[in-house]
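One structure is given here, and the rest of the page talks about it.
Throughout, read-outs are computed from the coordinates displayed, never taken from laboratory work. Keep in mind it's a predicted model, so treat the numbers as computed, not measured. Here Cβ is always computed from backbone atoms with ideal geometry, including for glycine, and neighbour counts include all displayed protein chains.
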Amino acid sequence: MFRIFLFFSLILFSVSFSQEKELLYDNQEFNKNILFVGIPAIILSFSLDREVNDFVQSNKSTVQDRFWKNITYLGSPYMLGVGVFGMSISYIIENKKLMKSFLLATQSSVISTMIVLPLKYITNRERPNREDRYSFPSAHSAIAFSFWGSFADVYSGGVIKYIFYTVPVLVAYSRLYLEKHWLSDVIGGAVIGLSSIYLSKKLTNFLSLRFRIGIFIDISYKGFGATYYF
């Protein structure tokens with residue numbers, strides 16, 4: 001299983017969109033505010049965990065139960081499958097920008113997952129509902145912010161950027177509502193998820209240009225072409 005995961009991860013990180021072997025992601029600048037704001041927020045949130053949890057749990061209803069149980073799937077590991085499916089649809093409708101969005105979203109989700117899982121075992125923190133001891137950081141929040149944040153990164157113009165960011169915020173709250181995570185868990189996941197977008201861009205361009213290993217894909221209304229190079 002690990003070998004299969006590694007194989008598809010390498011394939012995802014070696015995809016580009018030009019037979020001229022140009023950089024897939026032009027904007028590789030890391031937003032330092034993610035760390036400058038995120039890390040202090042994580043530290044502060046540890047002192048607010050129980051108060052926030054008590055407040056959220058005291059404001060529940062049957063309607064909300066159904067709503068938040070559905071919302072939380074938008075940050076589940078199933079989003080990796082959604083990303084691959086989305087790339088297929090993008091190819092069929094010949095939408096290069098949409099393909100780039102789904103590719104970055106899937107790559108970033110893979111990276112955030114690879115960061116989160118070891119941290120869960122290292123921190124060994126108990127969940128609010130006491131189901132297990134793998135609470136920090138929140139994988140759902142990390143995946144949601146990396147996946148939907150990727151779309152906000154590619155479609156950065158106008159109000160649509162903020163619409164995309166709304167989704168991971170809702171997912172993060174759903175984890176609090178369902179008593180799966182503490183406030184500090186979801187903030188930690190958000191920081192990892194947003195950072196993974198930058199790491200995805202850097203790693204993709206590094207593999208493509210430094211090692212010259214990858215698959216160059218050209219999508220146009222005239223057809224589709226792929227060139228493997230080693």
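In table form, for the structure just shown:
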read-out	value
Hz values of 3J(HN,Hα) by residue in segment 136-151 - Karplus curve (6.51, -1.76, 1.60), Gly and Pro given as x	9, x, 7, 5, 4, 5, 4, 5, 4, 6, 6, 5, 6, x, 5, 5
Under-5 Å amide H pairs with N31, H placed in peptide plane, nonlocal only	none
Segment 49-204 - percent relative contact order, Cα under 8 Å, separation 6 or more	32 percent
Karplus (6.51, -1.76, 1.60) ³J(HN,Hα), θ = phi - 60°, over segment 100-117, in Hz, Gly and Pro reported as x	4, 5, 5, 5, 4, 4, 5, 4, 5, 5, 5, 5, 4, 5, 5, 7, 5, 4
Potential extension, S47-N31 segment - 0.36 nm per residue separation minus Cα distance	3.1 nm
Highest average packing first - 188-196, 167-175, Cβ atoms within 10 Å	188-196, 167-175
Positive dipole terminus of segment 55-134, leading residue within V82, S58, L98 (C-beta point charges)	S58
Relative packing of peptides 89-96, 105-112 - highest average C-beta neighbours within 10 Å first	105-112, 89-96
Residue pairs, from the table K97/K120; K69/K100; K120/K180; K100/K161; K69/K97, whose Cα atoms sit over 23 Å apart	K97/K120; K69/K100; K69/K97
V84 versus T62: modelled label distance in nm, points set 7 Å from Cα along the beta carbon direction	3.9 nm
Segment Y162-K97, extension gain: residue separation times 0.36 nm, minus the distance between their alpha carbons	21.6 nm
